[in-house]
Amino acid sequence: MSAASDRRPTLAVWKFASCDGCQLSLLDCEEELLAVAGAVHIAQFTEMSRAAVEGPYDLSLVEGSITTYEDAARIQEVRRASHRLVTIGACATAGGIQGLRNFASAGEYIATVYARPDYISTLATSTPIAAHVPVDFELHGCPIDRHQLLEVILAQLAGRSPRIPSHSVCQECKARDTVCLLVSRRAPCLGPVTRAGCGALCPAVDRGCFGCFGPAETANTASLAGRLLEDGARRVDVSRLFRTFNAGAPAFREESLANEPRPTR
């Protein structure tokens with residue numbers, strides 16, 4: 001069947017500054033991927049195939065943040081070619097781990113990382129896709145959950161809103177009878193302010209949550225930070241706790257900045 005005669009909705013997957021982990025989540029669907037491929041025409045997905053069909057596309061999934069001038073121009077092209085655009089993962093929704101450079105002066109880290117920093121041409125910041133173009137839905141996670149990704153794709157095909165949980169990881173801990181590390185051990189844990197989606201994997205192995213899925217819908221980060229300080233944490237440690245994969249998410253960024261060590265005179 002030719003692309004012109006294929007009446008299935010077209011799906012495109014795009015990569016910007018990222019590690020490819022969220023795209024791999026789609027490939028990890030395995031048996032479900034065959035059903036997806038039967039329901040949509042995968043017109044653009046470089047991680048899977050070199051074959052590419054020109055747009056417009058019914059649905060575009062975008063992984064990665066905007067870090068270069070070329071990225072900033074290309075995302076505009078992707079948006080124009082896409083009927084609906086969904087960002088997937090922490091890089092696309094919050095700037096990603098590379099967004100840590102947003103807390104430093106422009107170019108401060110380049111000389112440390114690159115032997116010839118004069119060859120590097122980049123934007124001053126790493127920013128989420130929504131900072132550049134309108135986004136129809138954001139799917140959080142580092143990486144995203146494959147079942148949530150399938151739900152997003154199915155929802156787009158059905159013309160409805162995706163049913164993605166917005167409550168915190170704490171609810172997932174309770175569902176699997178995991179003892180609260182914050183209460184029982186006073187362990188640093190972002191579970192109370194982090195969006196559900198991982199199944200509370202880290203607390204289940206006695207490790208505090210470090211916010212892979214970004215801020216929950218009603219995240220009270222100031223309250224959690226206060227509790228951590230009462231339990232003996234240093235301000236610098238609280239600041240760093242909020243400064244990982246989703247450091248650019250507004251709730252985490254503001255709390256991280258609020259707990260930066262004050263300069264001494």
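Report the local net charge at V236: Lys and Arg +1, Asp and Glu -1, summed over other residues whose C-beta lies under 14 Å from its C-beta.
Local net charge: +2.
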| When ranked by the protection proxy of mean other Cβ atoms within 10 Å per residue, highest first, what sequence do the peptides 100-107, 129-136 form? | 129-136, 100-107
| message | Shape verdict for segment 81-142, please, from the Cα gyration tensor: rounded (a/c under 1.5), prolate (a/b greater than b/c) or oblate. | response | prolate
| query | What's the exposure ranking of F137, F213, going from fewest to most Cβ atoms within 10 Å? | reply | F137, F213
| So for segment 10-158: antiparallel DSSP bridges make up what percent, rounded to the nearest 5? | 15
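Using the crude model of +1 on Lys and Arg Cβ and -1 on Asp and Glu Cβ, and no other charge, please compute the dipole size for the chain relative to its Cα centre, in debye to 20.
Details: 27 positive and 29 negative charges, 142 e Å.
The calculated dipole for the chain is roughly 680 debye.
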| note | Quick note, segment 9-64: a/c under 1.5 would make it rounded; otherwise a/b > b/c is prolate and the rest oblate (a ≥ b ≥ c, C-alpha gyration tensor); here it is oblate
| On the first, second and third principal axes, largest extent first, how far apart are the outermost C-alpha atoms of the chain in Å? | 68, 52, 28
| task | Rounded, prolate or oblate: pick one for segment 169-258, where a ≥ b ≥ c are the square roots of the eigenvalues of its C-alpha gyration tensor, a/c under 1.5 means rounded, and failing that, prolate if a/b is larger than b/c, else oblate. | result | oblate
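A short reminder: the numbers here are calculations on the coordinates, not readings from a lab. What you see is a predicted model; the values in this text were computed from it and never measured. Ideal geometry is used to build each Cβ from the backbone, glycine not excepted, and the neighbour counts take in all protein chains shown.
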